[in-house]
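Encoded as C-alpha cells, the structure appears first; notes follow it.
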Amino acid sequence: MALTPSSMLALGTIAPDFNLPDTISGKDIQLKEVQGKIARVVMFICNHCPYVVHVREEIVRIAKDYQGKGVGFVAISSNDAIKYPDDSPDKMRELALQLDFPFPYLYDESQDIARSYKAECTPDLYVFDSQLKLVYRGQLDDARPGNTNPVTGKDLRQALDDVIAQRTVNPDQKPATGCNIKWKSH
C-alpha cells in the first residue's frame, strides 16, 4: 500500500459525466441522477483500503447530515477487482448494505471514470456546485490510520457548509491521501 496524494484536479473543472452500475440497486446511474440542488459529492473509495476503512462511517454520517440540505452523494470504486477481490461488486454491495450507505456505490470496471476525474487515491473526494463546477477536492479531515487526530470530516463539512451558504470555498485545500487506485495492467 503506497501512500498516494490526490492529483488536485483544477478548481472550476466541470464534473465529468458517468453512467456506471450501482452495486446496491443493480441499476445504471448517471451523474445527473445524483440528486443535489446545491452540490454533488463524488467520492472514489473502495472496500479494503485502510484509509477508507478509517473514515467510512464518517462519510456515511456526512451524507446523512447533508442530503436533506440539497447535497447529493455518490461513491465509486475503480479498483481492479480481479487482483483485489475485496473490491468486487458483490463485496461492494455487502459493505454498502452493512454500513447502510445512503448513496449509490458504483463500480467503474473500465477505470475510465477514475481517469476522467484524475482520481489517484482512496478516498479521493470532489465537491461540485449546482453548475457542476469543482469547488473542493481534497481530504475529509486530518485523521489517518496511526495518528491521533479524530475523524470529524471537518474539511469536507466546511466546504459543504460554504457551498450551502453561497460563500466561496477556501481554495487553499489539502490533498486527500490514501492507497493508490489499483489500476489494471494493460
key: Candidates D100, D65, D124, D87 - the one that is surrounded by 22 or more Cβ atoms within 10 Å (Cβ to Cβ) and more than 14 Å from the chain's Cα centre (by Cα)   = D87
key: Contacts under 6 angstrom Cβ, first residue in region 20-31 being in contact (Cβ under 8 Å) with a residue 40 or more places away in the chain, partner among the hydroxyl-bearing types (S, T, Y) and surrounded by 12 or more Cβ atoms within 10 Å (Cβ to Cβ), 6 or more apart   = P21/Y107; T23/Y105; T23/Y107; I24/Y105
query = Do any residues in region 95-107 that are among the small types (G, A, S) have Cβ atoms under 7 Å from those of residues that are modelled with pLDDT of 95 or more, where the two are at least six apart or on different chains, and which pairs are they?
reply = A96/T23; A96/I24; A96/Y105
request  = Identify, by number, the condition in (1) without any contact (Cβ under 8 Å) to a residue 60 or more places away in the chain; (2) closer than 24 Å to L132 by Cβ; (3) in contact with a Cys (Cβ under 9 Å, 6 or more places away or on another chain) that D86 doesn't meet.
outcome  = (2)
Selection count where residues are more than 20 Å from Q111 (Cβ to Cβ) and surrounded by fewer than 24 Cβ atoms within 10 Å (Cβ to Cβ), scope region 28-58 = 13
Subset of region 131-186 (residues that are within 19 Å of G36 (Cβ to Cβ) and of a type in the set (S, T, N, Q)) = Q131, Q158, Q166, T168
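The values are calculated or read from the model by the stated rules, or taken from the named source; none is laboratory data. Just so you know, these numbers come straight off a predicted model, no measurement behind them. Don't worry about glycine lacking a Cβ; one is built from the backbone with ideal geometry, like all the others, and counts go over all protein chains shown.
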